[in-house]
């Protein structure tokens, strides 16, 4: 358990106690303990006795030790048993915190979404202190929204679902290999359902195992070559499995990966050769011979094309582009990550532990970029703390001879278009990322003024998550992306492809524009805990969708070349100043 996870457990204990109606001082003790850990710059493994931290008493220290050593706390397990299962999910409803939920539970007997809806319909909720008619109406709206599944779900949700499903699929016998298909394989931002292609030795045995998986809530269809299931996650997800012989695997995978538009183009190419494409192979229209392929690479080669990555199969101009060798980026081309957070701000592990994670992934270099002081909720660093952290980064850097650490910062661009840190500190850093985290309702002119302040700074190297969107949850702020891309290219500033699955910011269509303007791109994970570093695979997938080439992505550079790029703006500014 890392520090971030442990803090969440302490906060969960506080909320459960609040719902149960425990003494407010007890509840406060756990919140204060969580805050004390959050504000300490050390990771969990570096903190000795938690009772030595201001704000943590002996009782809460004992719970922290128990969580740290076992990953569980007996107190929390007891609280979970004392509180109805249906109550806690209600915390996800906007405006419902522990205190309000406690009132609903203790005074109205609300135990789940159904009983809350009834209480609202009977106008009982509005009569409680601290609620009112508007709050009651908002709760009804939120319950209705939470109860209905959107037609298409964000890719972040579907990736998590696929990961859980594949844990079960890996236990199924008589399967030679399987692969994702459909929208998920193409890395679309929103996805309706899941598709898998399976090469099987015994279709009947595989079908039986599929229908008996724990995740199955309904068997929609159970045919000889196709099994359709409804799987229960937070939302129900239909999942289709195509069971094929090994010889048809590649063409079936191609067919059901799509897109429809891409498949239409491939059918046209086949027709021009006197052939017909189907999920089973390529049929010669004259002889009836069916040609199958071991790989998708061989399938494309049959039509005189180089392999087209699944993400790029959009039915645009990809078949023209891939008539010649076209080198898109792979995860293995990435030499490092330029955006991540540690316990110095709102990350889960220390600088040294994050460096170790980079080494495990074979990185040549990586940048530590904690938040700056304006983002107080993330315990952002002021000038003095930035300089202290730089010393820590340098110390850790000296310990390793197989990775280079850049000392960096993710610096806020304040609403008044002022950069969050003084130039005297920025000039000491190796890499500066500038980002917007506030005042999303500003006009386009105000937003662009903020970006202009960052772009023209000789110290800002990258603009992070440039639109501020969260897929399916938030549109972001009003930004003229085209103008931003042009100005980034003109000023020698890179733009970020933020690889967090619910961001993917910039989107692939804008990244194609970046390629057009020759704007440099940095694929970053914005990792707040080690597992998030693995989102680099997702980031490179979106780069392939945008057909970005390796030389446009600064993460593919070696240390010396990258360091040179990071220094270019400063050198240019110094040269202009001298002239």
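Helix-only estimate, please: 222 nm mean residue ellipticity of the chain, summing -39500 (n - 2.57) across DSSP H runs of length 4 or more and dividing by its residues, to the nearest 500.
So the helix-based figure for the chain works out to -13000 deg cm²/dmol.
Give the whole-number value, in cubic angstrom per residue, of the convex hull volume spanned by the C-alpha atoms of region 3-147.
118 Å³
How large is Rg over Rh for region 258-321, taking Rg from the Cα atoms and Rh as the Kirkwood inverse mean of 1/r across Cα pairs?
0.94
Would you mind telling me the antiparallel percentage of the DSSP bridges in region 153-244, rounded to 5?
75 percent
What's the center-to-center distance, using Cα atoms, between region 524-576 and region 253-289 in Å?
38 Å
Could you give me the percent of Cα pairs per 10 Å distance bin for region 229-366, shortest bin first, beginning at zero and ending with the bin that holds the maximum distance?
10, 28, 21, 22, 14, 4, 1
Given an 8 Å cut-off on Cα distances and at least 6 residues of separation, report the relative contact order of the chain as a percent.
In percent, rounded to a whole number, it is 10.
For region 258-321, calculate the relative contact order in percent as a whole number, restricting contacts to Cα pairs under 8 Å that are 6 or more residues apart.
The normalised contact order for region 258-321 reaches 34 percent.
In nm², what is the average projected area of the convex hull enclosing the Cα atoms of region 153-244?
In nm², the orientation-averaged hull projection of region 153-244 is 5.1.
In Å, the Kirkwood hydrodynamic radius of the chain over pairs of distinct alpha carbons?
It works out to 26.8 Å.
Sort out for me the Cα centre separation of region 181-244 from region 397-411, rounded to whole Å.
44 Å
Would region 334-578 count as rounded, prolate or oblate if I go by the C-alpha gyration tensor, calling it rounded below 1.5 in a/c and otherwise prolate when a/b exceeds b/c, oblate otherwise?
Rounded is the answer for region 334-578, as its axis ratio a/c remains below 1.5.
Figure the gain on full extension for residue 278 and residue 297 (residue separation times 0.36 nm, minus the Cα-Cα span) and round it to one decimal in nm.
Roughly 5.2 nm would be gained on extension.
At 0.36 nm per residue, and after removing the present C-alpha to C-alpha distance, how many nm does the segment from residue 564 to residue 307 gain when stretched out fully?
Full-extension gain reported as 89.2 nm.
Could you let me know the centre-to-centre spacing of region 98-118 and region 485-521, using Cα atoms, in angstrom?
Their Cα centres are 46 Å away from one another.
Just to be sure I understand: of the beta bridges DSSP finds with both ends in the chain, what percent are antiparallel, rounded to 5?
50 percent
Do you know the relative contact order of region 275-404, to the nearest whole percent, from alpha carbon pairs under 8 angstrom that are 6+ apart?
15 percent
Rule-based calculations on the coordinates, nothing more; no lab input. It should be emphasised that the depicted structure is a prediction, and the values quoted were computed from it without experimental measurement.
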